[in-house]
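Taking it in order: structure first as structure tokens, then the write-up.
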């Protein structure tokens, strides 16, 4: 049987319609979009059409969209670029959260080499950060507030509009990593007053290796990647024309089907939790918010009948043997499994953090797949408990 894929927060399959849109620019229309000849102009037209589409879908001006290689580059470029400008004015403080993606956290930590002073706000047990917390933490030294829209491990949704308003009341820029939200939640940068935003196409059935930054007009930011005049000198490098075209198409499809995807994911989530409560009562807990979270991401910790956390890595491997693809919050570093920084950040003890898995639904998942998952999960946990 084909593996059941419940790891859509990690990446998604390329949509056939997206591939079809990309194909002409992988073959016949292959030219560099910055070339002045006919073939180059043909590629340039495709790039600008895609830019217009993306801008329209998120409420931006086309000039505010800067194409990148994906979320990691966008996160690095925004944090480094804003900090570089702020540092010149003596603003060394960046406010963030310990729950951010490592592309943001590690970049913020790197600013310490230039005298940066990160401040990490403390989330509640569901991963929530409030606008009040942000407002109380801003001072004259603050150059940027960086908080993700949807957490990639637990799915908690932050009130980005309220946070952005709190930042602007004190003259501070706001950046949100929207890799897990664009195409799944309504995002309008003008309405929400976001200054900087990052996005990656492969989370919404688009191609890998392409993303974009939103940079609000008249904001203070320094380009991070140099070497060419592309993107109005804001990001050097030959443009990935097929990737850009595919990303625009993927976002168009995602926004068009957003409501139905939310309903589909909510149905799968409800079905899974109901089945789980019947099959394994008192042997699991939900990590994250049950009321302020996206329906397609579900993080669960599992326990033996005596309440001890199971080995999450072993659980994942056993599920993989049964053709079920999920992920966990652990990272293998130098042979040692470390608990998820997100789960530790919301107050889970290491034992519970390492007993967790993340299930993330996609548009192709079915209730039959959920039933199979629960059946195999129950057998695996019973077997692991018997040998504990």
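Taking the condition in contact (Cβ under 8 Å) with a residue 40 or more places away in the chain, in a loop (DSSP other than H, G, I, E, B) and outside the structural domain of residue 294 (by TED's automatic domain parsing), does residue 140 pass? Break it down into steps so the answer makes sense when it comes.
Details: in contact (Cβ under 8 Å) with a residue 40 or more places away in the chain: yes; in a loop (DSSP other than H, G, I, E, B): yes; outside the structural domain of residue 294 (by TED's automatic domain parsing): yes.
The answer is yes for residue 140.
Mind checking which residues of region 215-234 are under 20 Å from residue 173 (Cα atoms) and touching a strand residue (DSSP E or B) at 6+ places or on another chain (Cβ under 8 Å)?
Taking region 215-234 first, the residues under 20 Å from residue 173 (Cα atoms) are 215-224, 234.
215, 216, 219, 220, 221, 234, listed by residue number.
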Out of (1) surrounded by fewer than 17 Cβ atoms within 10 Å (Cβ to Cβ); (2) part of a loop (DSSP other than H, G, I, E, B), the odd one out for residue 31 is which?
(1)
Would a scan of region 37-47 turn up a residue that is free of Cβ contacts under 8 Å to residues at least 40 places away in the same chain and under 29 Å from residue 138 (Cα atoms)?
no
Among the residues listed as 172, 179, the single one being in contact with a helix residue (DSSP H, G or I) (Cβ under 6 Å, 6 or more places away or on another chain) and buried (at least 17 other Cβ atoms within 10 Å of the Cβ)
179
Check on residue 105, touching a helix residue (DSSP H, G or I) at 6+ places or on another chain (Cβ under 9 Å) and over 21 Å from residue 209 (Cβ atoms):
yes
Residue check, residue 267 out of contact with any helix residue (DSSP H, G or I) (no Cβ under 7 Å at 6 or more places or on another chain), more than 17 Å from residue 125 (Cα to Cα) and at pLDDT 95 or above:
yes
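For every residue, the table says whether it meets (1) crowded, with 22+ Cβ neighbours inside 10 Å; (2) over 18 Å from the mean Cα position of the chain (by Cα); (3) closer than 26 Å to residue 289 by Cα; (4) not assigned by TED's automatic domain parsing to the domain that holds residue 295.
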site: 214; (1), (2), (3), (4): yes, no, no, yes
site: 218; (1), (2), (3), (4): no, yes, no, yes
site: 221; (1), (2), (3), (4): yes, yes, no, yes
site: 226; (1), (2), (3), (4): no, yes, no, yes
site: 236; (1), (2), (3), (4): no, yes, no, yes
site: 243; (1), (2), (3), (4): yes, yes, no, yes
site: 248; (1), (2), (3), (4): yes, no, no, yes
site: 262; (1), (2), (3), (4): no, no, yes, no
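Evaluate region 113-120: report whether one residue or more is out of contact with any strand residue (DSSP E or B) (no Cβ under 8 Å at 6 or more places or on another chain) and assigned to a loop (DSSP other than H, G, I, E, B).
Initial filter on region 113-120 (out of contact with any strand residue (DSSP E or B) (no Cβ under 8 Å at 6 or more places or on another chain)): 113-115.
From the residues that got through so far, the ones that are assigned to a loop (DSSP other than H, G, I, E, B) too are 115.
Scanning region 113-120, I find at least one residue that is out of contact with any strand residue (DSSP E or B) (no Cβ under 8 Å at 6 or more places or on another chain) and assigned to a loop (DSSP other than H, G, I, E, B), so the answer is yes.
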Could you check, for region 9-20, whether at least one of its residues is free of Cβ contacts under 8 Å to residues at least 12 places away in the same chain and over 30 Å from residue 322 (Cα atoms)?
yes
Given (1) free of Cβ contacts under 8 Å to residues at least 24 places away in the same chain; (2) closer than 22 Å to residue 49 by Cβ, where does residue 226 come up short, assuming only one miss?
(2)
Quick check on residue 110: is it within 20 Å of residue 236 (Cα to Cα) and either buried (at least 22 other Cβ atoms within 10 Å of the Cβ) or in contact (Cβ under 8 Å) with a residue 12 or more places away in the chain (or both)?
no
Evaluate region 156-164: report whether one residue or more is touching a residue at least 40 places away in the same chain (Cβ under 8 Å), closer than 23 Å to residue 106 by Cβ, in contact with a strand residue (DSSP E or B) (Cβ under 9 Å, 6 or more places away or on another chain) and in the same structural domain as residue 192 (by TED's automatic domain parsing).
yes
I'd like to know if region 56-67 contains one or more residues that are assigned to a loop (DSSP other than H, G, I, E, B) and surrounded by fewer than 23 Cβ atoms within 10 Å (Cβ to Cβ).
yes
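The values are calculated or read from the model by the stated rules, or taken from the named source; none is laboratory data. None of these values were measured; they are calculated from a predicted model. Cβ: placed from backbone, ideal geometry, glycine included. Neighbour counts: every protein chain shown.
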